[in-house]
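Enquirer: Pasting in a structure now, in structure tokens, and then I'll have a few things to ask.
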Amino acid sequence: MDKRSFLKKAGLMGLAAPLSFAHLRRAVAAVEHLAPADLAVDEDFWLKVRGDYDLKPDYINLENGYYCFMPRQTMDHLVEHMRSINYEGSYYMRTVQGENKHRVAGKVAEIVGCSAEEVAITRNTTESLDLIIGGLEWQAGDEAVMAEQDYGAMLNHFKFIARRFGTVNRLVSVPNHPRDDQEIVDLYAAAITDKTRLLMVCHMVNITGQVLPVRKIVDMAHARGVEVMVDGAHAFSHITFQMQDLDCDYYGTSLHKWLSAPLGSGMLYVKKEKIDSVWPLFAERDLGPNDMRRLNHIGTHPVHTDLAILNAIEYQNAMGLDRKAARLQYLQHYWTSQLRDHPGVIVNTPVELSRHGGIGNVGVAGIAPGDLADALMNDYGIFTTGIDRPGVRGVRVTPNVYTTTAELDALVSAIKKRSA
């Protein structure tokens, strides 16, 4: 068998079996005439999607933000890839592993309209963004700007860089309910000085679900000579956007979140002309100028995960990202709209549709976030996670496409009882 034939047989096994998504394709074909916003409220359609997931009956899972587990079809393909690679062993690793990884990068890049030459497949957002934070050529006195509400792993790495190189971290606090985009832009602008080297901003704040005006922040920072790194952990395959719409320098995400790819899969985007300015975590052989592979050398790793990313993309494409995004936004609005004006309840996510996707955060006055999460789980069988961070005290609620409005009704009822 020649190399090309083997590539098609082993590396693209999942894409060669589109009938595995026949159930979803038939369901979508029946509603293609509906606009995404109209389909978002069609419970019959989304119950068909729910049938693709193996759901644990012990509780209502409203904590998909950590890891959106795979539909059954993607899981089956992952097992097939594991068997195939285990069967081929070193032959696979030494012949087509690299080509397949590049192909996966290309498919991931297509989702946001960038080049495969600017994308590396990583293991998660933390790895992706820490590659940048730890890979820049920092000098003593250089400054970085970020928010108190940013993800802890990245904030910790910036602290480490400050101790190691003598850099300075300047923190802002993002309001949960901004007056307008300009308030957010001005907040970051006020923290920039002539020593600022990098600005980190969330595309979607992980603890509240607020979507920030990234392009306006990027334009402001670039006008002042500052690079921008975007934490896209919760935006990629959750809301619709193209990388050119953002114009950021670096972007990292976790594919095992809203793409529902296998656990331990992520993506790093770096503008082509910026690649050589970042030191890799592990040394790679000499490569051509701005070759993204120099940032992606991690040694031997579970490559079957890479291949199953293709299947996760196939599933999402069959559903349609625009339909998925509309459903997630509808679900968030469905439950938060019932609680925003309820006495004793604090919704920490903006009300404007342009400022949120499917993630929401809600608190109850006088109840610690961890206690509220425990009560929801122990008393009502609803799994969430408590968030106690600067300016944000509540439980994060992250439904997925399989979530029903009946499950969200149970959440609303439980919150109202706790706030009484």
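Enquirer: Do we have THR196 as touching a helix residue (DSSP H, G or I) at 6+ places or on another chain (Cβ under 7 Å) and in contact (Cβ under 8 Å) with a residue 24 or more places away in the chain here? Please lay out each step first, then the result.
Expert: Values: touching a helix residue (DSSP H, G or I) at 6+ places or on another chain (Cβ under 7 Å): no; in contact (Cβ under 8 Å) with a residue 24 or more places away in the chain: yes.
So THR196 does not fit the description; no.
Enquirer: Return only the number of the condition from (1) surrounded by 19 or more Cβ atoms within 10 Å (Cβ to Cβ); (2) touching a Gly at 6+ places or on another chain (Cβ under 7 Å); (3) closer than 28 Å to TYR151 by Cα that HIS77 does not satisfy.
Expert: (3)
Enquirer: Out of segment 352-400, which residues are part of a helix (DSSP H, G or I), under 23 Å from the mean Cα position of the chain (by Cα) and in contact (Cβ under 8 Å) with a residue 40 or more places away in the chain?
Expert: Within segment 352-400, SER354, ARG355 meet the criteria.
Enquirer: Continuing with the same structure: Confirm whether GLY134 is touching a His at 6+ places or on another chain (Cβ under 7 Å) and either part of a loop (DSSP other than H, G, I, E, B) or crowded, with 16+ Cβ neighbours inside 10 Å (or both). Step through it out loud before you land on a result.
Expert: Values: touching a His at 6+ places or on another chain (Cβ under 7 Å): yes; either part of a loop (DSSP other than H, G, I, E, B) or crowded, with 16+ Cβ neighbours inside 10 Å (or both): yes.
Against the criterion (touching a His at 6+ places or on another chain (Cβ under 7 Å) and either part of a loop (DSSP other than H, G, I, E, B) or crowded, with 16+ Cβ neighbours inside 10 Å (or both)), GLY134 qualifies.
Yes/no matrix, rows are residues, columns are (1) in contact with a helix residue (DSSP H, G or I) (Cβ under 9 Å, 6 or more places away or on another chain); (2) among the small types (Gly, Ala, Ser); (3) crowded, with 21+ Cβ neighbours inside 10 Å; (4) modelled with pLDDT of 95 or more:
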{"residue": "THR385", "(1), (2), (3), (4)": "yes, no, no, yes"}
{"residue": "GLY394", "(1), (2), (3), (4)": "yes, yes, yes, yes"}
{"residue": "ALA406", "(1), (2), (3), (4)": "yes, yes, no, yes"}
{"residue": "ASP409", "(1), (2), (3), (4)": "yes, no, no, yes"}
{"residue": "SER413", "(1), (2), (3), (4)": "yes, yes, no, yes"}
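Enquirer: Now for a different question. Out of all the residues in segment 341-359, which are within 28 Å of LEU34 (Cβ to Cβ) and surrounded by fewer than 19 Cβ atoms within 10 Å (Cβ to Cβ)? If you could, list the steps in order and put the result at the bottom.
Expert: Here is the first cut: in segment 341-359, the residues within 28 Å of LEU34 (Cβ to Cβ) are 349-359.
Of everything in segment 341-359, those that are within 28 Å of LEU34 (Cβ to Cβ) and surrounded by fewer than 19 Cβ atoms within 10 Å (Cβ to Cβ) turn out to be VAL351, GLU352, LEU353, SER354.
Enquirer: Filter segment 207-220 down to the residues that are in contact (Cβ under 8 Å) with a residue 60 or more places away in the chain, touching a helix residue (DSSP H, G or I) at 6+ places or on another chain (Cβ under 9 Å) and either closer than 28 Å to GLU137 by Cβ or part of a loop (DSSP other than H, G, I, E, B) (or both) and list them by number. Before you say what the answer is, go through the steps one by one.
Expert: Here is the first cut: in segment 207-220, the ones in contact (Cβ under 8 Å) with a residue 60 or more places away in the chain are 207-211.
In the following step, the residues that additionally are touching a helix residue (DSSP H, G or I) at 6+ places or on another chain (Cβ under 9 Å) were identified as 209-211.
Once the filter is applied, which keeps residues that are in contact (Cβ under 8 Å) with a residue 60 or more places away in the chain, touching a helix residue (DSSP H, G or I) at 6+ places or on another chain (Cβ under 9 Å) and either closer than 28 Å to GLU137 by Cβ or part of a loop (DSSP other than H, G, I, E, B) (or both), segment 207-220 yields only GLY209.
Enquirer: Working only within segment 91-121, note down all residues that are of a type in the set (Val, Ile, Thr) and part of a helix (DSSP H, G or I). Give the steps one after another, and end with the answer.
Expert: Quick first cut of segment 91-121, residues of a type in the set (Val, Ile, Thr) only: 95-96, 104, 108, 111-112, 119, 121.
Those that are of a type in the set (Val, Ile, Thr) and part of a helix (DSSP H, G or I): THR95, VAL104, VAL108, ILE111.
Enquirer: Please work out which one of (1) crowded, with 16+ Cβ neighbours inside 10 Å; (2) assigned to a helix (DSSP H, G or I) is the condition LEU259 fails and give its number.
Expert: Tallying (1) crowded, with 16+ Cβ neighbours inside 10 Å; (2) assigned to a helix (DSSP H, G or I), LEU259 fails exactly one: (2).
Enquirer: What's the number of the only condition in (1) farther than 30 Å from MET377 by Cβ; (2) touching a strand residue (DSSP E or B) at 6+ places or on another chain (Cβ under 7 Å); (3) in contact (Cβ under 8 Å) with a residue 12 or more places away in the chain that ALA162 fails to meet?
Expert: Result: ALA162 passes all but (3).
Enquirer: Suppose we filter segment 50-84 for residues that are part of a helix (DSSP H, G or I) and either within 16 Å of ASN311 (Cα to Cα) or touching a Lys or Arg at 6+ places or on another chain (Cβ under 7 Å) (or both); how many remain? Walk me through it before giving the result.
Expert: Residues of segment 50-84 part of a helix (DSSP H, G or I): 50, 72-84.
Adding the requirement that they be either within 16 Å of ASN311 (Cα to Cα) or touching a Lys or Arg at 6+ places or on another chain (Cβ under 7 Å) (or both) leaves 72-84.
So the answer is 13.
Enquirer: Would you pick out the residues in segment 23-47 that are within 19 Å of TYR334 (Cβ to Cβ) and of a type in the set (D, E, K, R)?
Expert: Passing the criteria: ASP38, ASP42, GLU43, ASP44.
Enquirer: So for segment 297-315 (the condition being part of a helix (DSSP H, G or I) and either within 30 Å of ALA420 (Cα to Cα) or out of contact with any helix residue (DSSP H, G or I) (no Cβ under 8 Å at 6 or more places or on another chain) (or both)), does at least one residue qualify?
Expert: Scanning segment 297-315 turns up no residue that is part of a helix (DSSP H, G or I) and either within 30 Å of ALA420 (Cα to Cα) or out of contact with any helix residue (DSSP H, G or I) (no Cβ under 8 Å at 6 or more places or on another chain) (or both).
Enquirer: I've got another one for you. Going through segment 215-269 one residue at a time, which ones are of a type in the set (Asp, Glu) and under 14 Å from the mean Cα position of the chain (by Cα)? Spell out how you get there, then give the answer.
Expert: Filtering segment 215-269 down to residues of a type in the set (Asp, Glu) leaves 219, 227, 231, 245, 247, 249.
Scanning segment 215-269 gives a single hit, ASP231.
Enquirer: Need pairs with beta-carbon distance below 8 Å; first residue under 15 Å from VAL201 (Cα atoms) and within segment 244-273, second of a type in the set (Phe, Trp, Tyr) and assigned to a loop (DSSP other than H, G, I, E, B); sequence gap 6+ or separate chains.
Expert: Listed pairs, sorted by first residue: THR253/PHE236.
The values are calculated or read from the model by the stated rules, or taken from the named source; none is laboratory data. Values in this document were obtained by computation on a predicted structure and should not be read as measured data. A quick note on method: Cβ atoms are made from the backbone with ideal geometry, for glycine too, and the neighbour counts reach across all protein chains shown.
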